[in-house]
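Comments concern the structure below.
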């Protein structure tokens, strides 16, 4: 029997005619891209924003996922770091970032004669404070998941139903979300946290954060696996990554990863998932 939610999403997508999908390689945008390709064929194109704010591993995964879905993937550089408003890292940082990304997506759509620009916003996102959503509205971005009333649980369920390879992928956010509010965003700081997080993933952890606290980096992994990280705290690869990133020390968060933990530390951060 056809899933009613999936059928609604398919019909909605078909009605759009053609689209560019702002593709991050996360579960939400992967579901949007999968259904877009299914319903629109070559009139659906993925755009991945290449930037120091995006983990290097995500670019590789975007290519793998697009190939799996049979989607055309266009990689375009975004230049949010050149915007002083973004680099200042205030409460509107995510808005400035998304404004740049969606502008690039709109440019690609216009070049290819495609009608809509789509993102992976889902219904649960609408109840949260997300400055990036305002940028989406300002840029005329359409959110098919939210439009069809699909929440995060629906997205995971449909992604699994469609056998998407990343259906259970942990939530991701741009690397700037690892910096406390007011700490200027620089390419060097972004590369530092990316390098440490890559080292954590090489150790087998999936939900990772490297919180940039100046000379110290706070390491977070899945709460139920903190003990494993404590046992590997002296791993040479991890120690080398911390040193190469320019940190003088690393501290393990005993509570593990949880959203908004920079707020709990009194540092503050803003973004889709921190």
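The values are calculated or read from the model by the stated rules, or taken from the named source; none is laboratory data. Quick caveat, the model's predicted, so the values are computed rather than measured. Note that each Cβ is placed from the backbone with ideal geometry, even for glycine, and that neighbours are counted across all protein chains shown.
Check whether at least one residue in region 27-49 is within 19 Å of the chain's Cα centre (by Cα), buried (at least 19 other Cβ atoms within 10 Å of the Cβ) and assigned to a loop (DSSP other than H, G, I, E, B), and report yes or no. Taking every residue of region 27-49 in turn, none turns out to be within 19 Å of the chain's Cα centre (by Cα), buried (at least 19 other Cβ atoms within 10 Å of the Cβ) and assigned to a loop (DSSP other than H, G, I, E, B).
Out of 68, 96, report the one residue that is modelled with pLDDT of 95 or more and either under 25 Å from residue 131 (Cβ atoms) or assigned to a strand (DSSP E or B) (or both). Steps first, please.
Details: 68 fails: either under 25 Å from residue 131 (Cβ atoms) or assigned to a strand (DSSP E or B) (or both).
One residue alone meets the criteria, 96.
Looking at 134, 118, 112 in this structure, which one is under 24 Å from residue 177 (Cα atoms) and surrounded by fewer than 18 Cβ atoms within 10 Å (Cβ to Cβ)?
134
Go through region 52-79 and count every residue that is touching a residue at least 40 places away in the same chain (Cβ under 8 Å), within 24 Å of residue 201 (Cα to Cα) and touching a strand residue (DSSP E or B) at 6+ places or on another chain (Cβ under 9 Å). The number of residues fulfilling the criteria is 4. Beta carbons closer than 7 Å, at least 6 apart along the sequence or on distinct chains, pair a first residue in region 233-244 that is within 15 Å of residue 210 (Cα to Cα) with a second that is outside any helix (DSSP H, G or I) for 233/252; 238/203; 238/232; 242/217; 242/250.
Confirm whether residue 16 is modelled with pLDDT of 95 or more and within 20 Å of residue 169 (Cβ to Cβ). No: the conditions fail for residue 16. Scanning region 193-219 for residues that are in contact with a helix residue (DSSP H, G or I) (Cβ under 7 Å, 6 or more places away or on another chain) and in a strand (DSSP E or B) yields a total of 6. For the condition in contact with a strand residue (DSSP E or B) (Cβ under 7 Å, 6 or more places away or on another chain), loosely packed, with under 15 Cβ neighbours inside 10 Å and not assigned by TED's automatic domain parsing to the domain that holds residue 50, residue 251 qualifies.
Could you list all residues from region 80-93 that are assigned to a loop (DSSP other than H, G, I, E, B), buried (at least 17 other Cβ atoms within 10 Å of the Cβ) and without any contact (Cβ under 8 Å) to a residue 40 or more places away in the chain?
At the first step, the residues of region 80-93 found to be assigned to a loop (DSSP other than H, G, I, E, B) are 83, 88-92.
Next, only the ones that are buried (at least 17 other Cβ atoms within 10 Å of the Cβ) stay: 89, 92.
Result: no residue meets the conditions.
The criterion of at least 2 residues that are within 18 Å of the chain's Cα centre (by Cα) and under 16 Å from residue 102 (Cβ atoms) is met by the following helices (runs of 4 or more DSSP H) wholly inside region 112-190: 131-138, 144-147. Within the set 22, 14, the sole residue that is in contact (Cβ under 8 Å) with a residue 12 or more places away in the chain and over 15 Å from the mean Cα position of the chain (by Cα) turns out to be 14.
Taking the criterion of being assigned to a loop (DSSP other than H, G, I, E, B) and either within 26 Å of the chain's Cα centre (by Cα) or over 27 Å from residue 186 (Cα atoms) (or both), the residues of region 234-256 that qualify are 234, 235, 245, 246, 247, 253, 254, 255, 256.
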